[in-house]
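**Q** Structure in structure tokens, see below.
The values are calculated or read from the model by the stated rules, or taken from the named source; none is laboratory data. These figures come from a predicted structure and were not determined experimentally. With ideal geometry, Cβ positions are generated from the backbone for all residues, glycine too; neighbour counts draw on all protein chains shown. Side chains are part of the model used for accessible areas, which takes the heavy atoms of the whole protein and leaves out ligands, DNA and RNA. Shrake-Rupley method; radii C 1.70, N 1.55, O 1.52, S 1.80 Å.
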Amino acid sequence: MNPTDITYWNREAETPPREQLERQQLESLRQTVETALKTPFYRRRLEKCGLADGSDIAALEDLKRIPFTTKDDLREAYPDQLLAVPLDEVVRLHTSSGTTGTPTVIYHTQQDIDAWTELTCRGVVATGASHRDVFQNMMSYGLFTGGLGLHYAAEKIGMTVIPSASGNTRRQMKLMKDFRTTAIHATPSYILHIHAKLEEEGFRPEDFHLQRAFIGAEAHSESTRQKIEELFNMRAFNSYGMSEMNGPGVAFECVCQEDMHLWEDAYHMEVIDPESRHSLPDGEIGELVMTTLQRGATPLLRYRTGDLTSINGSPCACGRTHRRIARIKGRADDMMIINGVNIYPSTIEAVIMTVPEVGTNYQICIDKDGALDQLTVKTEIYSKLFNGDIRSLEQLKRRIQNRLKTEVVISPVIELHEPGSLPVYEGKAVRVFDNRPKE
């Protein structure tokens with residue numbers, strides 16, 4: 001890596017000594033507890049823990065005195081039991097879809113929005129992006145935080161912003177070509193879908209001037225990232241965010257592309273065993289637990305994200321001192337148990353994306369065959385690398401099947417489909433279909 005490739009948005013904030021950063025975290029945690037005590041939800045909870053004010057937090061370890069906050073807690077607190085400021089100080093709110101019941105809501109003051117934008121600027125600039133970029137934002141806007149989070153940061157950096165939002169793939173391609181887009185923000189599955197549709201819509205990868213993509217919202221494998229980079233001859237940077245923690249910009253890869261820097265002056269992170277709830281040391285995979293340290297309207301203490309990752313505390317060549325989190329492996333509740341074997345969808349994706357003849361879309365289906373579970377992997381074929389010969393099809397099926405069996409023990413059924421025949425999702429892709437009868 002060339003040292004001149006390393007750029008900062010706020011070098012002082014991104015490279016403080018660890019001792020200084022941890023002192024800052026402690027002071028911010030005390031203030032966050034003070035803020036949380038202003039909410040009906042946390043006032044009841046913290047008083048039970050013997051925390052009457054922020055001064056009761058003597059060290060960062062004291063955070064463990066506080067119970068975890070869960071998504072169910074957020075639903076029970078709907079609509080305003082987690083609001084720490086008067087409503088007239090709120091400038092925006094985001095909610096979840098509520099498709100599985102009561103939605104969750106996060107309120108923001110203007111200071112919260114400004115702080116979120118600053119954090120996202122750090123991440124975007126860490127990838128080498130600058131005010132010279134033309135940025136096309138293909139994420140959904142509205143109550144979903146993905147679009148607005150990057151939009152505000154890109155404008156503050158000084159980029160030329162194209163708020164194209166999600167969908168209308170041909171228009172996305174035309175915008176990229178006509179306005180010489182250099183940076184895009186989209187889900188990995190949607191970027192792969194764009195490539196699959198290029199020829200059909202009369203475009204080629206060479207028509208574009210893409211240099212980098214910010215990808216997130218879906219857990220994806222390193223193989224998928226590499227495929228995106230190869231197909232468009234650009235760099236793809238992983239990012240992490242969730243609406244409960246603001247949205248995109250919580251963590252971002254830098255130019256080194258070796259895990260994502262999580263901004264520890266804004267968040268305290270832990271990794272726990274999802275079952276025992278015990279803390280895990282750096283390097284061990286578990287569930288990420290987050291505490292907001294800057295937010296005034298809706299503070300969250302020890303929020304169980306459900307996302308599986310590990311903490312990387314080793315120094316990064318970019319010089320940033322904020323520790324990193326590894327690529328999200330999946331969600332704690334995403335694990336599939338098939339005939340007694342634990343399998344994560346990301347493991348299957350990592351295997352099939354290394355097969356050149358495989359296209360950019362796939363599905364994982366689980367059915368019951370008598371007393372046993374049956375795993376079926378459906379994947380499209382990459383037509384440019386496959387000649388369509390029946391014998392070759394059978395050989396490809398066996399090759400995919402053997403690779404998967406080596407990784408996940410179980411031998412799945414492999415179905416090969418024509419390009420464009422599997423459903424495409426403009427937002428987060430739905431990959432797993434568990435059709436087994438509910439007990």
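**Q** Pop the C-beta distance of R391 and T354 into the FRET formula with R0 = 22 Å and round what comes out to the nearest 0.05. Numbers along the way, then the final one.
**A** Values: r = 22 Å, r/R0 = 1.01.
Efficiency at R0 = 22 Å is approximately 0.50.
**Q** For the Cα atoms of the chain, what angle does the longest principal axis make with the long axis of helix 110-126, in degrees from 0 to 90, nearest 10?
**A** Taking the Cα atoms of the chain, the angle to 110-126 is about 50 degrees.
**Q** Note down the nm distance, to one decimal, between modelled labels 7 Å out along Cα→Cβ at K48 and at E230.
**A** A separation of 5.3 nm, rounded to one decimal place.
**Q** Report, by chain and number, residues whose modeled amide H sits under 5 Å from the one on T69, excluding near sequence neighbours (fewer than 5 apart, same chain).
**A** Y303, R304
**Q** Express the carbon and sulfur contribution to the solvent-accessible surface of the chain as a percent, rounded to the nearest whole number, probe 1.4 angstrom.
**A** On the way: 9310 of 19480 Å².
C and S fraction of accessible area: 48 percent.
**Q** For the chain, set up a GNM with springs between Cα atoms under 10 Å and report which of C256, C49, C365 has the largest fluctuation.
**A** C49
**Q** Residue-wise, which Karplus ³J(HN,Hα) couplings in Hz belong to the stretch 293-305, taking 6.51 cos²θ - 1.76 cosθ + 1.60, θ = phi - 60°, and x for glycine or proline?
**A** 10, 10, 7, x, 7, 9, x, 10, 10, 6, 7, 7, 6
**Q** Hey, which of these cross-link pairs are over 21 Å Cα-Cα: K38/K156; K397/K428; K177/K428; K71/K428?
**A** Numbers: K38/K156 32 Å; K397/K428 27 Å; K177/K428 25 Å; K71/K428 19 Å.
Violating the 21 Å limit, Cα to Cα: K38/K156; K397/K428; K177/K428.
**Q** With a Förster radius of 51 Å, plug the Cβ-Cβ distance of L143 and V413 into 1/(1 + (r/R0)^6) and report the FRET value to the nearest 0.05.
**A** Working: r = 39 Å, r/R0 = 0.76.
With a Förster radius of 51 Å, E is 0.85.
**Q** Moving to a separate point now. For the stretch 47-109, calculate the relative contact order in percent as a whole number, restricting contacts to Cα pairs under 8 Å that are 6 or more residues apart. Could the numbers behind the result be given before it?
**A** Details: 44 pairs, mean separation 16.9, N = 63.
RCO, the stretch 47-109: 27 percent.
**Q** Whole-Hz Karplus ³J(HN,Hα) for the stretch 175-190, in order, using 6.51 cos²θ - 1.76 cosθ + 1.60 and θ = phi - 60°, x for Gly and Pro?
**A** 4, 4, 6, 5, 9, 6, 4, 10, 9, 10, 10, 6, 6, x, 5, 6
**Q** Please give the contour-minus-distance gain from R204 to R331: 0.36 nm per residue of separation, less the Cα-Cα distance, rounded to one decimal in nm.
**A** Numbers: separation 127, 0.36 × 127 = 45.72 nm, distance 3.55 nm.
Computed gain between R204 and R331 is 42.2 nm.
**Q** Any idea what the relative contact order of the stretch 237-352 is, in percent, if you count C-alpha pairs under 8 Å spaced at least 6 apart? Let's see the in-between values first.
**A** Numbers: 226 pairs, mean separation 23.3, N = 116.
Result for the stretch 237-352 is 20 percent.
**Q** Still on this structure, please answer the following. Restricting to DSSP loop positions (anything but H, G, I, E, B) with no more than 11 other Cβ atoms inside 10 Å of their own Cβ, which GluC sites (Glu not before Pro) remain in the stretch 230-281?
**A** E275
**Q** Heads up, I need the accessible area for D367: 1.4 angstrom probe, whole protein in place, Å², nearest 10.
**A** For D367, solvent-accessible area is about 50 Å².
**Q** Using a/c under 1.5 as the rounded threshold, could you call the stretch 245-345 rounded, prolate or oblate? The axes a ≥ b ≥ c are square roots of the C-alpha gyration tensor eigenvalues, and prolate needs a/b larger than b/c, oblate otherwise. It would help to have the intermediate numbers written out before the result.
**A** Details: a/c = 1.98, a/b = 1.33, b/c = 1.48.
Here the stretch 245-345 falls in the oblate category.
**Q** About the Cα centre, and with charges only on the beta carbon of Lys, Arg (+1) and Asp, Glu (-1), how big is the dipole of the chain? Nearest 20 debye, please.
**A** That gives the chain a dipole magnitude of about 540 debye.
**Q** Let me ask another. Rounded to the nearest 500 deg cm²/dmol, what is the calculated helix-only ellipticity per residue at 222 nm for the chain, with -39500 (n - 2.57) per DSSP H run of length n ≥ 4?
**A** -9000 deg cm²/dmol
**Q** Identify which of the listed values of Cα extents along the principal axes in Å was calculated from the structure shown: (1) 62, 50, 47; (2) 84, 67, 49; (3) 72, 57, 40.
**A** (3)
**Q** Hey, could you grab the Kirkwood Rh for the stretch 145-294? Inverse mean 1/r over distinct alpha carbon pairs, Å, one decimal.
**A** Values: mean 1/r = 0.0590 Å⁻¹.
Result for the stretch 145-294 stands at 16.9 Å.
**Q** Go ahead and set up a Gaussian network model of the chain, Cα springs under 10 Å, then flag whichever of L422, L192, L148 fluctuates most.
**A** Maximum fluctuation in the GNM of the chain, among the listed residues, is at L422.
**Q** What range in the chain is the longest one free of trypsin sites (Lys or Arg not before Pro) that are in a loop by DSSP and have at most 14 other Cβ atoms within 10 angstrom? Mind showing how you got there, number by number?
**A** Working: sites that count: K38, R132, R180, R277, K438.
Looking at the chain, 278-437 is the longest stretch - no exposed trypsin sites (Lys or Arg not before Pro) with at most 14 other Cβ atoms within 10 Å.
**Q** Relative contact order for the chain using alpha-carbon pairs under 8 Å, separation at least 6, rounded to a whole percent? It would help to have the intermediate numbers written out before the result.
**A** Working: 869 pairs, mean separation 64.1, N = 439.
So the answer I get is 15 percent.
**Q** Further question on the same structure: Please list, in order along the stretch 324-329, the HN-Hα scalar couplings obtained from phi with the Karplus expression 6.51 cos²θ - 1.76 cosθ + 1.60 (θ = phi - 60°), rounded to whole Hz, x for Gly and Pro.
**A** Once θ is set to phi - 60°, the couplings for the stretch 324-329 become 10, 10, 6, 3, 5, 6 Hz.
**Q** Then there's this: Tell me the per residue accessible area of the chain using a 1.4 Å probe; a whole number in Å² is fine. Walk me through the numbers on the way to the answer.
**A** Numbers: 19480 Å² over 439 residues.
Value for the chain: 44 Å² per residue.
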